[in-house]
Amino acid sequence: MSTKDFVEKDYYKVLGVPKDATEAEIKKAYRKLAREFHPDANKGDASAEERFKEISEANDILGDAKKRKEYDEARALFGNGGFRPGPGGGGGSFNFDLGDLFGGQQQGAGQAGGFGGGLGDVFGGLFNRGAGPGAGTRTQPRRGQDIESEVTLSFTEAVDGATVPLRMSSQAPCKACSGTGDKNGTPRVCPTCVGTGQVSRGSGGGFSLTDPCADCKGRGLIAETPCDVCKGSGRARSSRTMQVRIPAGVSNGQRIRLRGKGAPGERGGPAGDLYVVVHVDSHPVFGRKDDNLTVTVPVTFAEAALGADVRVPTLNGPSVTLKLPPGTPNGRTMRARGKGAVRKDGTRGDLLVTVEVAVPTELSDKAREALEMYREATESEDPRSALFESAKGA
């Protein structure tokens, strides 16, 4: 990313969100636009592909808290792409060292992937005060873009883990020309930037701004015979299928990061990361609450009133028997330890069993007679008496 692009591009506008948008709002806007303009959904549409690139670039910046902070600070400092001098006015009167302002952030941002090495790299060559010829014009390795994909798992796969195939599309070195951009594989060094991919222009006050070379578009090379596939850019869209292991215990909506599995880098730069958003289908019997599984088990009135041993199913395992104590109320939850979802440390959560007293819709003559006898035996008991007493006293 060039200094000019970094300062002038309005990534908030690209995603259609306000500058104070929350992380969730940014993520929601990105996913909606990514689905709409994804190349797989717009075959042969160059404008949609270009729009998808812009959306991905904006999400790479605004979707990362550290990158977003650096971006906002740079925009505030430079205004609409131009440096804003201090109260002293004029071209370049400063009472502080801009090198100190950005240089101290270089190491930490570079370790995080940042913008190809943090603000120190983004603004490297931007302020060339007293620098010798060629200083600040080295072409730096460029980190590949991050890629986001989605996968849908069954309930059981999410609990036990699964290996799934993912088909991904990203920019990669063109295979037809081996990334040279030249049909014959023999590009020449750009005479304008002398292979650096950057040109400097004065801005007054002893400072210079560094921009991508317009002649070679920042590559440092010019194709004498442009490749028919990549049109001389050296980059082409590449599709690949990757087997991705989804860990056991993943939850619905979880975002998994796979380092170095994103788009390939340029000029020896590292690959980006792959982010996989997991969607989990529901199960007809079991539910989930954090690391615990849940199940509702119907019991008869006699079992709840008199107590019983009740057999309960587990997910992909043998059933367990729970002992209901006499007088178990409807809705009571019991626990079968170690029969839940897999935790990060390899242990399992519990199975939470909720008792539901089943009321029969049809009765045999014998069952009806027994219930009539039970009603007569308990007619002096009123389970609602306490309810009415409480209502009067309130």
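The values are calculated or read from the model by the stated rules, or taken from the named source; none is laboratory data. Computed from a predicted structure; not experimentally measured. FYI the Cβ positions are ideal-geometry reconstructions off the backbone, even for glycines, and counts take in every protein chain you see. Ligands, DNA and RNA are excluded from the accessible area calculation, which covers all protein heavy atoms including side chains. Shrake-Rupley method; radii C 1.70, N 1.55, O 1.52, S 1.80 Å.
How many residues does the stretch 249-274 contain that are part of a strand (DSSP E or B), under 22 Å from the mean Cα position of the chain (by Cα) and surrounded by 13 or more Cβ atoms within 10 Å (Cβ to Cβ)? Quick ask: steps written out before the conclusion?
Here is the first cut: in the stretch 249-274, the residues part of a strand (DSSP E or B) are 255-258, 266, 274.
Now restrict to residues that are under 22 Å from the mean Cα position of the chain (by Cα): 255-258, 274.
From what is left, the residues that are surrounded by 13 or more Cβ atoms within 10 Å (Cβ to Cβ) are 256, 258, 274.
Summing the residues that are part of a strand (DSSP E or B), under 22 Å from the mean Cα position of the chain (by Cα) and surrounded by 13 or more Cβ atoms within 10 Å (Cβ to Cβ) in the stretch 249-274 gives 3.
Could you list all residues from the stretch 153-174 that are closer than 20 Å to GLY260 by Cα and either open to solvent by less than 60 Å² (accessible area, probe 1.4 Å) or charged (D, E, K, R) (or both)?
Step one: of the stretch 153-174, the residues closer than 20 Å to GLY260 by Cα are 163-174.
Residues satisfying the conditions are VAL164, LEU166, ARG167, MET168, SER169, SER170, GLN171, ALA172, CYS174.
Identify all residues within the stretch 10-60 that are surrounded by 13 or more Cβ atoms within 10 Å (Cβ to Cβ), out of contact with any helix residue (DSSP H, G or I) (no Cβ under 6 Å at 6 or more places or on another chain) and under 19 Å from LYS231 (Cβ atoms); write none if there are none.
Answer for the stretch 10-60, where residues must be surrounded by 13 or more Cβ atoms within 10 Å (Cβ to Cβ), out of contact with any helix residue (DSSP H, G or I) (no Cβ under 6 Å at 6 or more places or on another chain) and under 19 Å from LYS231 (Cβ atoms): ASP45, LYS53.
Residue by residue, here is whether (1) in contact (Cβ under 8 Å) with a residue 24 or more places away in the chain; (2) in a loop (DSSP other than H, G, I, E, B); (3) open to solvent by 50 Å² or more (accessible area, probe 1.4 Å); (4) not β-branched (Val, Ile, Thr) holds:
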site: HIS283; (1), (2), (3), (4): yes, yes, yes, yes
site: VAL295; (1), (2), (3), (4): yes, no, no, no
site: LEU371; (1), (2), (3), (4): no, no, yes, yes
site: GLU379; (1), (2), (3), (4): no, yes, yes, yes
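Confirm whether GLY338 is open to solvent by less than 80 Å² (accessible area, probe 1.4 Å) and free of Cβ contacts under 8 Å to residues at least 40 places away in the same chain. Break it down stepwise before answering.
Numbers: open to solvent by less than 80 Å² (accessible area, probe 1.4 Å): yes; free of Cβ contacts under 8 Å to residues at least 40 places away in the same chain: yes.
The answer is yes for GLY338.
Are any residues in the stretch 216-248 part of a loop (DSSP other than H, G, I, E, B), closer than 24 Å to GLU49 by Cβ and open to solvent by 60 Å² or more (accessible area, probe 1.4 Å), and if so, which ones?
Those that are part of a loop (DSSP other than H, G, I, E, B), closer than 24 Å to GLU49 by Cβ and open to solvent by 60 Å² or more (accessible area, probe 1.4 Å): LYS217, ASP228, VAL229, LYS231.
Could you tell me how many of the residues in the stretch 354-369 are out of contact with any strand residue (DSSP E or B) (no Cβ under 9 Å at 6 or more places or on another chain), outside any loop (DSSP other than H, G, I, E, B) and open to solvent by less than 80 Å² (accessible area, probe 1.4 Å)? I'd like the intermediate steps shown before the answer.
Start the filter on the stretch 354-369 by keeping residues that are out of contact with any strand residue (DSSP E or B) (no Cβ under 9 Å at 6 or more places or on another chain), which leaves 359-369.
Now narrow it down to the ones that are outside any loop (DSSP other than H, G, I, E, B): 365-369.
If we keep only those that are open to solvent by less than 80 Å² (accessible area, probe 1.4 Å) as well, we get 367.
Looking only at that region, the number is 1.
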